[in-house]
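The values are calculated or read from the model by the stated rules, or taken from the named source; none is laboratory data. Keep in mind that this is a model prediction, so the values were computed, not measured. Methodologically, a virtual Cβ is constructed for each residue, glycine included, from the backbone with ideal geometry; neighbour enumeration extends over all protein chains shown.
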2 protein chains.
Amino acid sequence: MAEIRIRSSVGEYPVLIGRDLYENELPDLIGRIRPTSVAVVSHASIMGLHGKRLIEAIYPICGGENGVFQYLFAEGEENKNLSTVEDGYEVFLASGINREGLVVAFGGGVVGDLAGFLAATYMRGTRLLQVPTTLMAMVDSSVGGKVGVDLKGAKNAVGTFYQPQAVLSDVGVLGTLPERELRGGMVEIAKYGLLYDEIMLQKIGKWHDGLPENAEELDGVIAACVAHKADVVTVDERDLTGKRAMLNYGHTFGHALETATAYIHLRHGEAVGIGMLMAARLSELCGLAGEGLHEYHRCVLMPILKDVVFPRDLDAGRIVNAMQSDKKKGHVMRFVLLQEPQEPRLVESPGEALIMRAVADIMRDMKGD
Amino acid sequence: MAEIRIRSSVGEYPVLIGRDLYENELPDLIGRIRPTSVAVVSHASIMGLHGKRLIEAIYPICGGENGVFQYLFAEGEENKNLSTVEDGYEVFLASGINREGLVVAFGGGVVGDLAGFLAATYMRGTRLLQVPTTLMAMVDSSVGGKVGVDLKGAKNAVGTFYQPQAVLSDVGVLGTLPERELRGGMVEIAKYGLLYDEIMLQKIGKWHDGLPENAEELDGVIAACVAHKADVVTVDERDLTGKRAMLNYGHTFGHALETATAYIHLRHGEAVGIGMLMAARLSELCGLAGEGLHEYHRCVLMPILKDVVFPRDLDAGRIVNAMQSDKKKGHVMRFVLLQEPQEPRLVESPGEALIMRAVADIMRDMKGD
């Protein structure tokens, strides 16, 4: 098992990465937190697949059924909204959970964001345990304390920073993760490689047929991503200095792609993957990077994105429009670009013509025109 | 002008108390914050009375009308809810305000709590300026960073801790505050006196005909309350050690009174005043304080509460029931009691029979039976 400790303004917390963690680590962890009761926030599908293992580990420490309740909500980014949060508050209130309770976020990025926001705001804060079940949540979203929900047309427009007591990533649960979700997680791993870590890129370059059989290799790469994220969030917890903003590599384009396709055709990871290709092309077009950066990105990302079906009726203008109505509205557009691999830079307002060309170039490529 | 500095985990902020502060202090303050735009969150009535002074001070620094917008919501505790927050997010989003903006909470406790929660959670946090316009908000609720809204039947059940950039208390605006609101604020002042400050009690003992004409005396008492609150929130910002919990003196009874009367018959300050009488009586009944504590409280509080009409159809059982379904549900009931004046203690579960008797004794007294 790997353990990475994250320092934050309100103390330090561990990220545990390994196998059989629900059985071997969760009881001790909860025993130390000593919650008066536990709220498991999740989806029915995840509870169906792995809930028994989780619950059986919690029950003995929390006085059996009476000490644990569940708030399950429907899957999908479209449910990461205030209405789902409000339903959650009502369930919490009815259960009698209070500030000495514990919220367990058991799922992927949507669950972690929403359950984290519930924990942060219910009674001005109950304790939070992140138990991610997707590769993307393990390598990225469960760590660093960003929690929140979307407003209509504005992703993550409501939220706060709220650090968990711990993050418990049992890599064994990835065995049931759909192929498309796995590839989304691999895109985030590639992001860390492109931003910070060439050796990681070499490793995942050999994963074309899916995750490696070798548990040590997979757990090691997840831990390496978390270590990179730890370095960043420790020095810029509240996303103020530009350090943490680097983690949005590919995300400005990616969010716009998700918005322009109404969150239907592309998963988050796929959109971010295509977004990094666009960012690399923009880096070349605005003269920051030499020719070749985009090709390098293609070599890293196309094996992961090979099954993505790019919507044929989408045009570049719609994507650029979506970018302008993103949450940076009324503000200069800021992009994470690369001078070369592992050399990220923040670039403000690179010019709409160049942005449009970068988008169009990659779209042509993706559509195979 | 008095200036009290509050230390918090995220830095220090000033509380300014005096006259003509919108004209003399606000422009500099906003000039230092340099917001991209300003959202004034308030009620139409307050904007009608004092909005011109505020807006005229802000306009020149924020590029005129385009840089300032208003989110006004209907008055009353019943509107301090998630629906009002959600409307606020939509107005914020439509205005284009972002993380570099500034939210000005311009009003009493309800405005401060709700606008503060909006500022804390919109885009994971925009800057916040508290500009309280009621005596209660000036002496208590605008300081210390507690922000949030109510759930149905659960006061302040949703919220967070979020520190403002500054608190600007222009005492001049109290001239238009209704008598009943003033007396509510005087109850909070009496609370600080009973908890920490006998000299303050002597001063306000002479205020039976309303606030003193002497500006220096009034401003001095407000500043003294803020200084007491500063001492407490500096050592227990997140209400974890019991120090800050002392500020809830009278509030467990008070909230139950508000709930049992559906927030119609008693204002918050009136309910807290009666709640302190009940707490004093309970202190006597459980043997913590000697006889005489309740009589001492009567001398302090009855001149302030003299016009309160206590609902005759209310019985003690309903109040005790409301206490049990308050936010401490599923948890031991904790009361702030006094061993003697200025000697507060936290007491857990003093016994339902004693609580019931304390409530009944004070109710008999208030009803004049």
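Only one residue in B:96, B:88 is within 14 Å of chain A (Cβ to nearest Cβ), under 27 Å from the mean Cα position of the chain (by Cα) and closer than 26 Å to residue A:117 by Cα, so which one is that?
Just a single option satisfies the conditions, and that option is B:88.
Test residue B:301 against the criterion of being more than 26 Å from residue B:137 (Cα to Cα), hydrophobic (A, V, I, L, M, F, W, C), touching a residue at least 12 places away in the same chain (Cβ under 8 Å) and assigned by TED's automatic domain parsing to the domain that holds residue B:256, and give yes or no.
no
Could you tell me which residue of the stretch A:164-210 is nearest to residue A:231 (Cα to Cα), considering only residues that are among the aromatic types (Phe, Trp, Tyr) and over 16 Å from the mean Cα position of the chain (by Cα)?
A:196
Restricting to the stretch A:162-194, count the residues that are in a helix (DSSP H, G or I), of a type in the set (A, V, I, L, M) and without any contact (Cβ under 8 Å) to a residue 60 or more places away in the chain.
The total comes to 3.
So, of the residues in the stretch A:152-176 that are modelled with pLDDT of 95 or more and of a type in the set (A, V, I, L, M), which turns out to be surrounded by the fewest Cβ atoms within 10 Å (Cβ to Cβ)?
A:174
Closer than 23 Å to residue B:157 by Cβ, in a helix (DSSP H, G or I), at pLDDT 95 or above and in the same structural domain as residue B:212 (by TED's automatic domain parsing): is that true of residue B:355 in this structure?
Judged against the criteria, residue B:355 is a match.
Consider the stretch B:346-369. How many of its residues are touching a residue at least 60 places away in the same chain (Cβ under 8 Å) and of a type outside the set (A, V, I, L, M)?
Total satisfying the criteria: 5.
What number of residues within the stretch B:1-18 satisfy the criterion of being surrounded by 15 or more Cβ atoms within 10 Å (Cβ to Cβ) and not aliphatic (A, V, I, L, M)?
4
Sort through B:239, B:231 and tell me the only one that's at pLDDT 95 or above, under 20 Å from residue B:9 (Cα atoms) and of a type in the set (Asp, Glu).
None of the others qualify; the one that does is B:231.
Please find, within the stretch A:18-77, the residue that is farthest from residue A:97 (Cα to Cα) out of those that are within 14 Å of chain B (Cβ to nearest Cβ) and assigned to a helix (DSSP H, G or I).
Selected residue: A:66.
Given the conditions (1) without any contact (Cβ under 8 Å) to a residue 24 or more places away in the chain; (2) over 30 Å from residue B:124 (Cβ atoms), and given that residue A:94 satisfies all but one, which numbered condition is not satisfied?
(2)
What about residue A:272, is it within 14 Å of chain B (Cβ to nearest Cβ) and of a type in the set (A, V, I, L, M)?
no
Among the candidates B:200, B:186, B:246, single out the residue that is surrounded by fewer than 24 Cβ atoms within 10 Å (Cβ to Cβ) and within 14 Å of residue B:300 (Cα to Cα).
B:200
Condition first: surrounded by 13 or more Cβ atoms within 10 Å (Cβ to Cβ) and under 15 Å from residue B:180 (Cβ atoms). Now tell me which residues in the stretch B:208-222 satisfy that.
Within the stretch B:208-222, just B:211 meets the criteria.
Could you tell me which residue of the stretch A:69-93 is farthest from residue B:81 (Cα to Cα), considering only residues that are at pLDDT below 95 and touching a helix residue (DSSP H, G or I) at 6+ places or on another chain (Cβ under 9 Å)?
A:76
Counting residues that are within 27 Å of residue A:18 (Cα to Cα) and more than 12 Å from chain B (Cβ to nearest Cβ), which strands (runs of 3 or more DSSP E) fully inside the stretch A:107-161 reach at least 2?
Output list reads A:127-132.
So that you can scan it fast, the table gives a plain yes or no per residue for (1) outside the structural domain of residue B:247 (by TED's automatic domain parsing); (2) touching a Pro at 6+ places or on another chain (Cβ under 7 Å); (3) of a type in the set (Val, Ile, Thr):
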{"position": "B:274", "(1), (2), (3)": "no, no, yes"}
{"position": "B:290", "(1), (2), (3)": "no, no, no"}
{"position": "B:295", "(1), (2), (3)": "no, no, no"}
{"position": "B:308", "(1), (2), (3)": "no, no, yes"}
{"position": "B:316", "(1), (2), (3)": "no, no, no"}
{"position": "B:336", "(1), (2), (3)": "no, yes, yes"}
{"position": "B:340", "(1), (2), (3)": "no, no, no"}
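Identify, from the list B:283, B:349, the residue that is within 30 Å of residue A:123 (Cα to Cα), buried (at least 17 other Cβ atoms within 10 Å of the Cβ) and within 26 Å of the chain's Cα centre (by Cα).
Answer to the selection: B:283.
Test residue A:246 against the stated conditions and say whether it is touching a residue at least 40 places away in the same chain (Cβ under 8 Å) and aliphatic (A, V, I, L, M).
yes
Given the conditions (1) without any contact (Cβ under 8 Å) to a residue 12 or more places away in the chain; (2) crowded, with 18+ Cβ neighbours inside 10 Å, and given that residue B:63 satisfies all but one, which numbered condition is not satisfied?
It fails just one condition, (2).
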